[in-house]
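Contents: one structure, followed by commentary.
The values are calculated or read from the model by the stated rules, or taken from the named source; none is laboratory data. Keep in mind it's a predicted model, so treat the numbers as computed, not measured. When we count neighbours, we look across all protein chains shown, and the Cβ atoms used for this are built from the backbone with ideal geometry, even at glycine. Just the protein is used for accessible areas: all its heavy atoms, side chains included, with ligands, DNA and RNA removed. Shrake-Rupley method; radii C 1.70, N 1.55, O 1.52, S 1.80 Å.
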Amino acid sequence: MNKKDKITLILIILYSFGVTKAQNNYLEPVSGIYDIYDFQFEYYSKVRKVLFKGLTDSPEIRFQIMPSFTPENVLDIEFDIEKNKYYIVYHICEKMIWYNDELDKIKVYKYKSEINKESVELIKRLFEIAIFQSRFTENDRTGIDGENYYFSIYKYGMKSGTVWSPSEKTNMRKLVDIGLNMIELVKHKDSIVKIENKLQDKIEALINSLKNKNVMLYK
């Protein structure tokens, strides 16, 4: 068995743990560099080098998607202090970084638009609540395919939470869908991006749902 086959086997074993039922209700904390395998560290380093090229190290929010079999992609909202403006930025690789030894040949498609401050504050509030409710789980997991979703905000340093392919109609699925809605906004808008009423209602409803599940945190 060659090195790539071994890594694939390890990934399948790891992914076989999939997602817990509890994860449908909240994110899990993101592991640090001391909690991951060497091959994961190498892979994540490649992702940062290729996918994150040109992005700030301290975005207001970050929504990163790490699929099993399709290209990696990331959405950032960043603040330009010189222009006093917010920008929404989306990067997606033409090919997967995983299993690719020719990183310098990977094309990254990039989208960028200005976004209004009110929209930034709303989406950051949602991410903040979800991330600060992150917790570890001891439940068994199932599933071998899907995507890892990472949610991050900058608040006294980067704070992050993650979820693996949450079930439909759960809070974490709604959170993922809102992130995907934000991606569609920047991909199909040339003017200033603004969260319109329908998406705003979804975000506010999810904020209330998350807060109601953790009333003591928000008194």
Next on the checklist: When the residues of region 119-171 are narrowed to those that are hydrophobic (A, V, I, L, M, F, W, C) and modelled with pLDDT under 90, which ends up farthest from the chain's Cα centre (by Cα)?
Outcome noted: 144
Checklist entry - How about region 69-166: which strands (runs of 3 or more DSSP E) wholly inside it have at least 2 residues that are among the hydroxyl-bearing types (Ser, Thr, Tyr)? => result 85-93, 108-115, 147-154, 158-164
Next on the checklist: Filter region 163-193 down to the residues that are open to solvent by 20 Å² or more (accessible area, probe 1.4 Å), touching a residue at least 60 places away in the same chain (Cβ under 8 Å) and either of a type in the set (Lys, Arg) or touching a Phe, Trp or Tyr at 6+ places or on another chain (Cβ under 6 Å) (or both) and list them by number.
Outcome noted: 173, 187, 189
Item to check | Answer from 89, 30 - the residue that is within 17 Å of residue 120 (Cα to Cα), touching a residue at least 60 places away in the same chain (Cβ under 8 Å) and either in contact with a strand residue (DSSP E or B) (Cβ under 7 Å, 6 or more places away or on another chain) or exposed (fewer than 14 other Cβ atoms within 10 Å of the Cβ) (or both) | outcome: 89
Item to check | Which listed residue is under 24 Å from residue 207 (Cα atoms), surrounded by fewer than 18 Cβ atoms within 10 Å (Cβ to Cβ) and over 17 Å from the mean Cα position of the chain (by Cα), from 116, 100 | outcome: 116
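Results for (1) among the hydrophobic types (A, V, I, L, M, F, W, C); (2) under 20 Å from residue 163 (Cα atoms), shown as yes or no for each residue.
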| site | (1), (2) |
| --- | --- |
| 36 | yes, yes |
| 49 | no, no |
| 64 | no, yes |
| 68 | no, yes |
| 79 | yes, no |
